[in-house]
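First the structure, in the form of structure tokens, and then the observations on it.
FYI, it's all coordinate maths here, none of it is from the lab. Computed from a prediction, not measured in an experiment: that's the story for all the values here. Neighbour counts are summed over all protein chains in view; Cβ atoms, including those assigned to glycine, are modelled from backbone coordinates with ideal geometry.
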Number of protein chains: 2
Amino acid sequence: MTDDRILYQSYKDKIISAQQAASFFEDKMVVGSSGFTKAGDSKAVLPAFAKRAEKESIGITLITGASLGLTTDTDLAQNNALYKRMPFQADAGLRNKINEGDIYFIDQHLSETAELLENKHLPQLDFAVIEATYIDENGNIIPTTSVGNSATFAKLANKIIIEINTSIPLKFKGIHDIFIQENYPNRKPINITASDTRIGENFIIIDPEKVVGIVFTELSDSFAQLSQPDAKTTAIAQHLVDFFENEIKEKRLTTSLMPLQVGIGKVANAVMSGLAKGNFKNLTMYSEVLQDSTFELIDSGKMDFASASSITVSEGCYKHLLDHFDDYKDKIILRPQNISNSAEVIRRLGIIAINTAIEFDIYGNVNSTHISGTKMMNGIGGSGDFARNAYLSIFVSQSASKEFNAISHVLPMVSHVDHSEHDVDILVTEQGLADLRGLAPRERAKLIIEKCAHPDYKEELTDYFNRASLHGGHTPHLLEEAFSFHTRFKNTSSMKQNALVKSVY
Amino acid sequence: MTDDRILYQSYKDKIISAQQAASFFEDKMVVGSSGFTKAGDSKAVLPAFAKRAEKESIGITLITGASLGLTTDTDLAQNNALYKRMPFQADAGLRNKINEGDIYFIDQHLSETAELLENKHLPQLDFAVIEATYIDENGNIIPTTSVGNSATFAKLANKIIIEINTSIPLKFKGIHDIFIQENYPNRKPINITASDTRIGENFIIIDPEKVVGIVFTELSDSFAQLSQPDAKTTAIAQHLVDFFENEIKEKRLTTSLMPLQVGIGKVANAVMSGLAKGNFKNLTMYSEVLQDSTFELIDSGKMDFASASSITVSEGCYKHLLDHFDDYKDKIILRPQNISNSAEVIRRLGIIAINTAIEFDIYGNVNSTHISGTKMMNGIGGSGDFARNAYLSIFVSQSASKEFNAISHVLPMVSHVDHSEHDVDILVTEQGLADLRGLAPRERAKLIIEKCAHPDYKEELTDYFNRASLHGGHTPHLLEEAFSFHTRFKNTSSMKQNALVKSVY
């Protein structure tokens, strides 16, 4: 097995167990690990470290690409093995510990973590743990299903542990494009001018001197759990398809649209399915994650090329991908996340960015991260990188949720701002689509309430806006009432006035 | 006079009066005008249009680079000659009309207006009005003290009016670098790799067919009113100089720092004066505006080069600049504002961005625009372009202001978010400097209160944070109390508890 997975001879005596590798970490060390939306994560060393922390009082600062798979983050969190965690997570167990105040979480724009490390605005990395398909004859590594921050971790860490995952076929070599920017002041343009531009190598450079252990695993990535489009997500998708068709009619877009970035989840899937049915062709993607819907669009002949930082798909799609890998190999690229999410490249290519909001307000400010302004959900991820720099920045949400539509996702004021009104062009709920381009705040408010709010909340939102407007201001608000929907929900479990009465009858 | 100002023969019969030019505008037309921080603005045609609107019911959508000089915006606003205004203003008369709800204002990232016009996400421009030093032999124009959005306005507008300003010496030719990006999908990198990189022409391309009038003026720009550093701004500057010196000691910076962007005003001036006194050399600037302090730093031999989109200086500095123009000519460049504020270039160069906050909160979110969450001050300007993409994003403010320190600028929650905590590395008040790099929200809160808050407010801010923390959350807040400082100020004219008592004794 090691013969085709370790082509660099002097590494062969570095094979150790995951437990041995995990024993290298000392308390308060800083570890950078591969892993982006559950793809290409450490499946041996980090879980072994979580196990070690069951019996030992030890913690690390863990920096990843994005979220990890398995139960790794939960296990680390519950065993108090995390001192600090960044730049993203999507794990219920870790989330609870963050929100209880037990773990410090730093929520970062995904494009920025590598830069912060390079600039020494974050602490020096003691270890990098990187999943690899195999090690080439020069000691460099071929990544697996994600790139994330791995190239930067390998460059900067004092020591490196490689996790060779034998479940990933050797033919994965070639889908990666690894580029590391020069340091200041010698930085040059990132020379990507289309989704399929290649500017780097297909391996991550490794200094053999730093490699202290090689661990073998054979575990697959944690697969994405797909939910089928429902009435709401289908309606959202239809509003978007109608919008795109009108933009084509108005000659602002062609049937190829612009390179797409689509966030993760149910709505994203529905939107992509909508595109598969519409009159579009030669679509491309410049995004963070390749999902099932990406491969469906490629299969349907509507998408020519897709660039991202990871492949996160369902079990069925993964099997299909491996069985037909040669058909896809020339149509996908995985890049470091500071390149997939690069402000420079996103502005140059002109991305249509579609991301999910937890809530948005009548002026178009978006909350992507905090429940009731306090509790972290997952993190801002790449939504800020794309929303700020996109050709069109679109946010989607259901208008209301829970029984009796107890929660309105359209609010007088968001309880936390991740994306200000400056960075939001289009808002969509199942109710409709608000095209905010060229509108001032007071115009935005009327349109958002009209097009996006749930009917149960339109009257109160309008009343808030009207009364606030009496007091003037560029962005009329009544600060005493701005969070009244949120506080009412806290007190009555519903954002509705007279909710108790309504829910009884 | 026209012989050396109009070198393109067929333009000579297009000379008209400002009144004639202003008569071309029709109701609801969209006009793009030169002008950036009071520099290079229309000094004849827009004022004449304001005059026309005194007697006539007519309004336009006015798009500029940034703020205008003279009383132009006030006059236009008071005569109801503005239907919509973007992307920035800094005019008391206009501000009042915006906040009364009489004029729609669109507050934009200054890098984005040109793009929105190119993408047709804003309406078609009927007219461009552009101040010029002179018209060259091909009919193209040499700009004056700013570039702003003029090149894009000239490219996209149906018709063009040129204002030749004879107070600007002919030798201004050469300080501009005019570059217009290719359209999608053929965009290429913006090839700037240092403040002094030239990538364009030193004139704005004009299609002679579109020129409908040439107007002569001789009015100077409205000069900057400088206020001298006081105890607070000097303290802020000293904290920053100390910080930079420590970064040099820690080898994260050299004595040349990184290219500087500095916002406008009193604090900026104080900071730049601080740099002039410190142990720095070979400084450069990649900013929006060249101010008095820029030329002082050049004079002192500490600054090698400065790039921006306008020159906005005091009367004395302007006279000095003209008298010694040949000494400065090779040390400054004026660029279009989508290049001076380009996300791509700012990230590549690694800018130290220093901007002013109206208020910030204990988690590091910054409000740059809205008084009490509702009333527009000036606009976000370029602060978002720089803060998001900077190597270091620094915001400065006084900790408290007004008699009895009735207003705290450090708050439980900002009443409006322009820059989220993700985009803020360093906060400085006269009390001290909070270095937020690598800190989670709860760590940030403690440090911001400790270092930046005014002593009169520390106890209450700490109490808020402690009580909010009891309820958990990644970013602890009590939504019922989040704006209590603001609402107390509204009710008692002070943010202090028991303010009435305190101010009586």
Practice task
Please report, in debye to the nearest 20, how large the charge dipole of chain B is about its Cα centre when each Lys and Arg carries +1 at its beta carbon and each Asp and Glu carries -1 there.
Solution key: 560 debye
Practice task
Return A:ASP91, B:ASP304 ranked ascending by Cβ neighbour count within 10 Å, so the fewest neighbours appear first.
Solution key: B:ASP304, A:ASP91
Exercise for the section: Only Cα pairs under 8 Å and at least 6 apart count here; give the relative contact order of segment A:231-478 as a rounded whole percent. Expected result: 17 percent
Problem - Packing-based ranking, highest mean first, of B:230-240, A:424-434 given that Cβ atoms within 10 Å are counted - result: A:424-434, B:230-240
Exercise for the section: Compute the acute angle (0 to 90°) between the alpha-carbon long axis of helix B:45-55 and the principal axis of greatest extent of the alpha-carbon atoms of chain B; round to the nearest 10°. Expected result: 80 degrees
Handout entry: Ranking of A:PHE485, A:PHE280 by count of other Cβ atoms within 10 Å, fewest first
Key = A:PHE280, A:PHE485
Practice task
Using only alpha carbon positions, build the gyration tensor of segment A:326-441, then give the equivalent ellipsoid semi-axes as the square roots of 5 times its eigenvalues, largest first, whole angstrom.
Solution key: 27, 17, 14
Fill in the blank from the handout: Inter-part gap, Cα centre of segment B:360-432 to Cα centre of segment A:122-169, in whole angstrom, is 40 Å
Problem - Using a Förster distance of 30 Å, the FRET efficiency for B:LYS319-B:GLU137 (Cβ separation, nearest 0.05) - result: 0.50
Exercise for the section: Compute the acute angle (0 to 90°) between the alpha-carbon long axis of helix B:441-452 and the principal axis of greatest extent of the alpha-carbon atoms of chain B; round to the nearest 10°. Expected result: 80 degrees
Handout entry: Virtual spin-label span in nm between B:ASN279 and B:ARG437, 7 Å along Cα→Cβ
Key = 1.9 nm
Completion exercise
About its Cα centre, the protein assembly as shown carries a charge dipole, from +1 on Lys and Arg Cβ atoms and -1 on Asp and Glu Cβ atoms, whose size in debye to the nearest 20 is 640 debye
Practice task
Could you pull out the pairs from B:LYS249/B:LYS277; B:LYS14/B:LYS43; A:LYS458/B:LYS28 whose alpha carbons sit more than 22 Å apart here?
Solution key: A:LYS458/B:LYS28
Problem - Amide hydrogen neighbours beyond the local backbone of A:THR369, cut-off 5 Å, H modeled - result: A:ILE358
Problem - Two-site label geometry, B:LYS251 and B:ALA194: point separation in nm, points 7 Å out along Cα→Cβ - result: 2.4 nm
Exercise for the section: Tell me which residues come under 5 Å, amide H to amide H, from B:ILE178 once H is placed; ignore anything under 5 positions away on its chain. Expected result: B:GLY200, B:GLU201, B:ASN202, B:PHE203
Fill in the blank from the handout: Plugging the Cβ-Cβ distance of A:ALA92 and B:LYS28 into 1/(1 + (r/R0)^6) at R0 = 56 Å yields, to the nearest 0.05, a FRET efficiency of 0.55
Practice task
With θ set to phi - 60°, apply the Karplus curve 6.51 cos²θ - 1.76 cosθ + 1.60 along segment A:381-392 and write out the HN-Hα couplings as whole Hz, x wherever there is a Gly or Pro.
Solution key: x, x, 4, x, 4, 7, 4, 5, 9, 5, 5, 9
Handout entry: Using alpha carbons only: equivalent-ellipsoid semi-axes of segment A:2-217, gyration tensor based, whole Å
Key = 26, 22, 15
Handout entry: Convex hull per residue volume in Å³, alpha carbons only, for segment A:231-478
Key = 129 Å³
Handout entry: Computed over the protein assembly as shown, Cα set: Rg, Dmax in Å
Key = 28.4, 90
Problem - Computed [θ] at 222 nm, helices only, for chain A once each DSSP H run of length n ≥ 4 contributes -39500 (n - 2.57) - result: -9000 deg cm²/dmol
Problem - Other-copy label distances relative to A:ASP330, 7 angstrom Cα-Cβ extension, nm - result: 5.3
Exercise for the section: Per residue of segment A:258-263, in order, report the coupling 6.51 cos²θ - 1.76 cosθ + 1.60 (Karplus, θ = phi - 60°) as ³J(HN,Hα) in whole Hz, putting x for Gly and Pro. Expected result: 10, x, 9, 10, 10, x
Practice task
Positive end of the charge dipole of the protein assembly as shown (Lys, Arg +1 and Asp, Glu -1 on Cβ, about the Cα centre): tell me which of A:LEU117, B:THR64, B:ILE407 has its Cα farthest that way.
Solution key: B:ILE407
Practice task
Would you work out if segment B:176-299 is rounded, prolate or oblate? Take a ≥ b ≥ c from the square roots of the eigenvalues of the alpha-carbon gyration tensor; rounded if a/c is under 1.5, else prolate when a/b is larger than b/c, oblate otherwise.
Solution key: oblate
Handout entry: Shielding score for A:339-347, defined as the mean number of other chain Cβ atoms within 10 Å
Key = 4
Problem - Using θ = phi - 60° and Karplus 6.51 cos²θ - 1.76 cosθ + 1.60, couplings along segment A:490-496 (whole Hz; Gly, Pro as x) - result: 4, 7, 10, 6, 8, 7, 7
Exercise for the section: Could you pull out the pairs from B:LYS402/B:LYS496; B:LYS232/B:LYS266; A:LYS188/B:LYS302; A:LYS84/A:LYS159 whose alpha carbons sit more than 22 Å apart here? Expected result: A:LYS188/B:LYS302
Completion exercise
Copies of A:GLY301 compared via label points 7 Å along Cα→Cβ give distances in nm, shortest first, of 7.3
Practice task
Could you pull the copy-to-copy label distances for B:GLU26, with points set 7 Å along Cα to Cβ, in nm to one decimal and sorted shortest first?
Solution key: 7.8
Fill in the blank from the handout: Counted neighbours (other Cβ, 10 Å), sorted fewest up, put A:GLU112, B:GLU218, B:GLU460 in the order B:GLU218, B:GLU460, A:GLU112
Handout entry: Inter-chain Cβ neighbour average for residues B:78-87, partner chain, 10 Å
Key = 1
Handout entry: Loop trypsin sites (Lys or Arg not before Pro), segment B:238-298 (other Cβ atoms within 10 Å of the site Cβ: 11 or fewer; DSSP)
Key = B:LYS251
Practice task
Can you tell me how much longer the chain between B:ASP3 and B:THR166 gets when fully stretched, taken as 0.36 nm per residue apart minus their C-alpha distance, in nm with one decimal?
Solution key: 57.5 nm
Problem - Mean separation of Cα contacts under 8 Å (6+ apart) over length of segment B:46-102, as relative contact order % - result: 39 percent
Exercise for the section: Could you sort A:255-261, A:337-343 so that the peptide with the highest average Cβ count within 10 Å comes first and the rest follow in order? Expected result: A:337-343, A:255-261
Exercise for the section: Within 10 Å, count the other beta carbons around each residue, average over each peptide in B:141-147, B:65-71, and list them highest first. Expected result: B:141-147, B:65-71
Practice task
Treat each spin label as a single point 7 Å out from the Cα along the C-beta direction, and report the B:ASN183 to A:ASP326 distance in nm.
Solution key: 4.2 nm
Problem - Two-site FRET efficiency, B:SER17 against B:ARG467, from Cβ-Cβ distance with R₀ of 60 Å, rounded to 0.05 - result: 0.35
Problem - Exercise: per-residue mean of other protein chain Cβ atoms within 10 Å, B:100-106 - result: 5
Practice task
Would you work out the charge dipole size for segment A:336-473 about its Cα centre, treating the Cβ of every Lys and Arg as +1 and the Cβ of every Asp and Glu as -1, and quote it to the nearest 20 debye?
Solution key: 260 debye
Practice task
Report, to the nearest 10°, how far helix A:231-249 tilts away from the longest principal axis of the Cα atoms in chain A, using its own Cα long axis and a range of 0 to 90°.
Solution key: 90 degrees
